[in-house]
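*Asks:* Structure below; questions to follow.
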Amino acid sequence: VTCIEVVEAYVERIKEVNPLINAVVKDRFEEALQEARQVDQLLAEGPGDDFLEEKFPLLGVPITVKEAFALHGMPNTSGLVNRRNVIATSDATVVSRLKQAGAIPLGVTNCSELCMWYESSNKVYGRTNNPYDLQRIVGGSSGGEGGSLAAACSVIGVGSDIGGSIRMPAFFNGIFGHKPTTGVVPNDGQFPNAQGVRTSFLCTGPMCRYAEDLELMLRVMAGPGANKLKLNEKVSLEKIKFHCMDHDGGSIFVSPVDKEILQAQKKVVEHLESELGVQVRRVTIHKMKYSFQIWSAMMSSKDSNGQEAQLFSDLLGDHGKPVWPLWELIKWLVGMSSHTLPAIALGLTEKLVKLNPGGNAKLVSMGKSLQEEMEALLGPDGVLLYPSHPITAPRHHSPICMPFNFAYTAIFNVLGLPVTQCPLGLSSEGLPLGIQLVAASYNDHLTLAVARYLEKAFGGWVLPGKV
């Protein structure tokens with residue numbers, strides 16, 4: 001198959017489904033087709049497959065990129081109206097590495113306003129719909145990426161994650177997503193980028209339909225940092241110590257875990273025990289009940305130099321006029337605000353977090369001790385099975401009524417652990433099910449190996465509309 005045929009097929013697919021899902025918000029089809037012709041020319045000149053595979057491991061592979069990342073010539077607004085004219089003049093580091101490896105970007109995908117909400121909808125591009133049910137969300141903030149991959153608009157994609165922004169869209173859209181160990185893949189070239197203490201919580205990582213692509217993408221995106229991740233170590237699944245936790249212990253802020261999600265997790269446990277002969281140990285980690293509070297306190301804490309965390313309302317203003325969340329709320333009620341309700345609500349609530357410094361300090365130290373407990377539990381050969389989210393993809397707008405459900409993914413950002421979201425087929429309503437696989441720091445190779453195994457056992461990605 002020629003590269004031009006592959007790229008043309010994906011361009012046609014985007015033209016076919018994007019009017020329904022609104023995932024790809026700006027395309028670069030002409031440039032992509034031109035790059036595909038150059039790939040075919042390179043192949044015709046025949047420098048040898050081994051040479052090409054080593055130098056360009058992603059040669060001719062169509063990709064999409066979350067709009068929050070700089071991709072030369074493409075918009076880079078992060079859904080913020082006063083950035084609607086911002087066009088990237090360079091590539092984010094990970095985008096540049098993927099392009100150097102031969103990948104061909106088809107365009108950029110939608111996200112939530114300033115990447116801080118789990119419904120991908122904003123006043124610049126509108127709302128993205130879930131390909132399994134257009135009345136449901138794709139998640140956020142890498143939701144356009146999740147939706148476009150699930151709908152087969154590209155092969156692999158770039159996401160970022162500070163509270164589950166790779167793993168929630170991967171879960172809601174039935175694909176694979178990996179949040180690497182903190183500090184391995186560079187975050188530069190995205191807006192907004194993390195500052196202060198948040199630099200150790202934000203992670204950039206791969207999203208894709210097929211588990212085997214995660215490792216290759218991670219190697220390319222991490223560059224020299226990949227050496228820290230033991231990706232060359234052979235994993236013996238029978239020797240992994242599996243642990244399982246069904247829910248967070250009953251947080252008052254979070255929905256109870258859906259029966260079908262628990263059922264899917266139970267099937268995974270039964271399969272591992274019967275097929276691999278391992279014993280999956282049930283664990284109860286009491287501090288997980290406070291996941292949302294720990295994440296929230298750690299996100300707003302000072303860094304080691306005493307630098308305050310950046311205020312979200314400052315980001316909303318993007319170096320221009322300051323944004324007053326209460327005034328924006330009044331404007332929103334009469335349809336005059338250029339911001340989304342979740343962004344305004346976040347601006348209002350961030351001030352409240354600052355009102356209890358004593359309580360926050362306690363929660364930060366609880367987070368540190370939870371991190372030690374997790375690292376000790378998982379050790380060099382442990383993997384924890386944990387729900388990706390308490391419910392399957394909710395209907396549009398409903399996250400505003402259950403704003404803290406992202407705690408199931410967010411807790412692992414502040415713990416710095418590598419996590420892979422793995423699809424597990426569809427629910428009775430035809431919505432994707434899935435599970436998080438968690439390992440100790442720098443043991444990404446374990447979760448990636450288990451994801452490949454579960455894909456074979458449970459079928460992985462299912463084409464939307466197939467049922």
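Table: residues versus (1) part of a loop (DSSP other than H, G, I, E, B); (2) among the acidic types (Asp, Glu); (3) farther than 23 Å from Ala101 by Cα; (4) open to solvent by less than 10 Å² (accessible area, probe 1.4 Å).
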residue: Ala9; (1), (2), (3), (4): no, no, no, no
residue: Pro19; (1), (2), (3), (4): no, no, yes, no
residue: Ala36; (1), (2), (3), (4): no, no, no, yes
residue: Glu54; (1), (2), (3), (4): no, yes, no, no
residue: Leu59; (1), (2), (3), (4): yes, no, no, no
residue: Ile63; (1), (2), (3), (4): no, no, no, yes
residue: Thr77; (1), (2), (3), (4): yes, no, yes, yes
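Yes or no, residue by residue, for (1) farther than 25 Å from Pro403 by Cα; (2) among the hydroxyl-bearing types (Ser, Thr, Tyr):
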position	(1), (2)
Asp161	no, no
Asn173	no, no
His178	no, no
Ala194	no, no
Thr199	no, yes
Leu216	yes, no
Ala222	yes, no
His243	yes, no
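*Asks:* Taking into account only those residues within the range 387-435 that are part of a loop (DSSP other than H, G, I, E, B) and aliphatic (A, V, I, L, M), which is farthest from Ala211 (Cα to Cα)?
*Replies:* Residue satisfying both the conditions and the ranking: Met402.
*Asks:* Would you tally the residues in the range 149-163 being open to solvent by less than 10 Å² (accessible area, probe 1.4 Å), among the aliphatic types (A, V, I, L, M) and more than 17 Å from Met221 (Cα to Cα)?
*Replies:* 3
*Asks:* Right, Ala152: of a type in the set (Gly, Ala, Ser), outside any strand (DSSP E or B) and closer than 16 Å to Phe406 by Cα or not?
*Replies:* No; evaluated as a whole, the condition is false for this residue.
*Asks:* Return the residues of the range 225-237 that are of a type outside the set (A, V, I, L, M, F, W, C) and either open to solvent by less than 20 Å² (accessible area, probe 1.4 Å) or under 12 Å from Gly183 (Cα atoms) (or both); say none if nothing qualifies.
*Replies:* If the condition is that a residue be of a type outside the set (A, V, I, L, M, F, W, C) and either open to solvent by less than 20 Å² (accessible area, probe 1.4 Å) or under 12 Å from Gly183 (Cα atoms) (or both), then Gly225, Lys228 are the ones that fit.
Okay, residues lined up against (1) more than 15 Å from the chain's Cα centre (by Cα); (2) more than 28 Å from Pro399 (Cβ to Cβ); (3) without any contact (Cβ under 8 Å) to a residue 40 or more places away in the chain:
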residue: Asn173; (1), (2), (3): no, no, no
residue: Val185; (1), (2), (3): no, no, no
residue: Asp188; (1), (2), (3): yes, yes, no
residue: Leu202; (1), (2), (3): no, no, no
residue: Pro206; (1), (2), (3): no, no, no
residue: Leu216; (1), (2), (3): yes, yes, no
residue: Gly223; (1), (2), (3): yes, yes, no
residue: Lys234; (1), (2), (3): yes, yes, yes
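*Asks:* Scan the range 347-360 residue by residue and report those that are under 28 Å from the mean Cα position of the chain (by Cα) and modelled with pLDDT of 80 or more.
*Replies:* Matches in the range 347-360: Asn360 only.
*Asks:* Which condition number does Pro47 fail, the rest of (1) outside any helix (DSSP H, G or I); (2) more than 22 Å from Thr109 (Cα to Cα); (3) open to solvent by less than 30 Å² (accessible area, probe 1.4 Å) being met?
*Replies:* Answer for Pro47: the failing condition is (3).
*Asks:* Let me confirm something: among Val220, Val235, which residue is assigned to a loop (DSSP other than H, G, I, E, B) and among the aliphatic types (A, V, I, L, M)?
*Replies:* Val235
*Asks:* Can you tell me which residue is most open to solvent (accessible area, probe 1.4 Å) among those in the range 399-445 that are in contact with a Pro (Cβ under 8 Å, 6 or more places away or on another chain) and over 16 Å from Met168 (Cα atoms)?
*Replies:* Result: Tyr442.
*Asks:* Could you check Gly146 against (1) outside any loop (DSSP other than H, G, I, E, B); (2) among the small types (Gly, Ala, Ser); (3) open to solvent by 10 Å² or more (accessible area, probe 1.4 Å) and say which number it fails?
*Replies:* Gly146 satisfies all of (1) outside any loop (DSSP other than H, G, I, E, B); (2) among the small types (Gly, Ala, Ser); (3) open to solvent by 10 Å² or more (accessible area, probe 1.4 Å) except (3).
*Asks:* Within the range 80-106, count every residue that is assigned to a strand (DSSP E or B) and in contact (Cβ under 8 Å) with a residue 60 or more places away in the chain.
*Replies:* Total satisfying the criteria: 3.
*Asks:* Consider Val268 carefully, then state whether it is out of contact with any Asp or Glu (no Cβ under 8 Å at 6 or more places or on another chain) and crowded, with 18+ Cβ neighbours inside 10 Å.
*Replies:* Answer is yes for this residue.
*Asks:* Test of understanding: among Thr109, Thr77, Thr128, which residue is among the β-branched types (Val, Ile, Thr), within 25 Å of Arg219 (Cβ to Cβ) and in contact (Cβ under 8 Å) with a residue 24 or more places away in the chain?
*Replies:* Thr109
The values are calculated or read from the model by the stated rules, or taken from the named source; none is laboratory data. The structure displayed is predicted, hence computed values, not measured ones. For neighbour counting, all protein chains shown are included, and Cβ atoms are generated from backbone atoms with ideal geometry for every residue, glycine included. Accessible surface areas use protein heavy atoms only, side chains included; no ligands, DNA or RNA. Shrake-Rupley method; radii C 1.70, N 1.55, O 1.52, S 1.80 Å.
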